[in-house]
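Report on one structure; see the data block that follows.
Each value in this text was obtained by applying a stated rule to the coordinates, not by laboratory testing. Everything quoted here is computed from the prediction, not taken from an experiment. FYI the Cβ positions are ideal-geometry reconstructions off the backbone, even for glycines, and counts take in every protein chain you see.
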Amino acid sequence: MFTELPTALDLAAIATGALFGTALAVSRRMPIVGVLVLSVISGLGGGILRDWLLGVPVVAIHDQWYITTAVLAAIFGLPLARRITEHPYIGLILDGLVLGLYVLVGTEKAVIAGTPFAASVFVGLMTAVGGGTVADLLVGERPQMLKTGPWFASAALVGALLVAAGYGQAPESYVGIATIGLVAFIRIVSVRAELEAPSVEMLKQWRSRGE
């Protein structure tokens, strides 16, 4: 039996996502309003997409703490933003944790809502990449999930599969810790070791070698 998703977990994902958005905005030398907008979108975008896909009321609009959390994370995150941009490894760790946390929150909420396995995985994946995709588009960059390179969306997919398969088979806390840890590990190692996520070109190369 699945329990209701803790609000604190959702707010933690929003806060970390907003902090990452703040660092991105500061690195682009945006005005204060731009920093706040990008931070809120980074923090709330994935959750809004998740609720829309599940056909439930968008909690970020109906609960005052969601937008408030994103704004506060942006304001208090300003002193940390420069340090994050100046030290790529800190930003990478934050990126991995944000990705894992959003995967967990999105997939878990889909499972609790009673969606089928494949749908739960899809919702978890889109929750993880949704906010970042919109943020990338706003700053004029190609969304990270559409780029070849280190594992990003692929890492999120692995995490979503773990959550959807693990809930009901192991304690929820174990599944949550394992998911965040695994996704962050895959993301960080793939960037540091320059491991490219599976792509069509990679599959073609493997096929040609086998012939």
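Basic side chains Lys and Arg get +1 at the Cβ, acidic Asp and Glu get -1 at the Cβ, and with that the dipole of the stretch 80-162 about its Cα centre reaches some 40 debye.
Where only DSSP H runs of four or more residues are counted, the chain gives -26500 deg cm²/dmol as its mean residue ellipticity at 222 nm, each run worth -39500 (n - 2.57). Semi-axis lengths, largest first, of the ellipsoid equivalent to the stretch 1-87 are 26, 13, 10 Å, with √(5λ) applied to each eigenvalue of the Cα gyration tensor. Taken over the stretch 46-142, the ratio of Cα radius of gyration to 2.2 N^0.38 Å equals 1.18. Based on C-alpha pairs under 8 angstrom that are at least 6 apart in sequence, the stretch 1-119 has a relative contact order of 35 percent. In percent, rounded to a whole number, the relative contact order of the chain is 23, using alpha-carbon pairs under 8 Å and six or more apart.
Using the alpha-carbon positions of the stretch 64-211, Rg (one decimal) and Dmax (whole number) come out as 16.8, 59 Å. Here is the P(r) of the stretch 93-145: all C-alpha pair distances, binned every 10 Å from 0, give 27, 45, 25, 4 in whole percents.
Diffusion of the stretch 1-51 by Stokes-Einstein, at 25 °C in a medium of 0.890 mPa s and with Rh set to the Kirkwood radius over alpha-carbon pairs, works out to 212 µm²/s. According to the calculation over all Cα-Cα pairs in the stretch 48-88, the P(r) per 5 Å bin from zero is 5, 21, 17, 15, 13, 12, 11, 5, 0 %. Distance between the pseudo-spin-label points of residue 65 and residue 83 (7 Å out from Cα toward the beta carbon): 2.7 nm.
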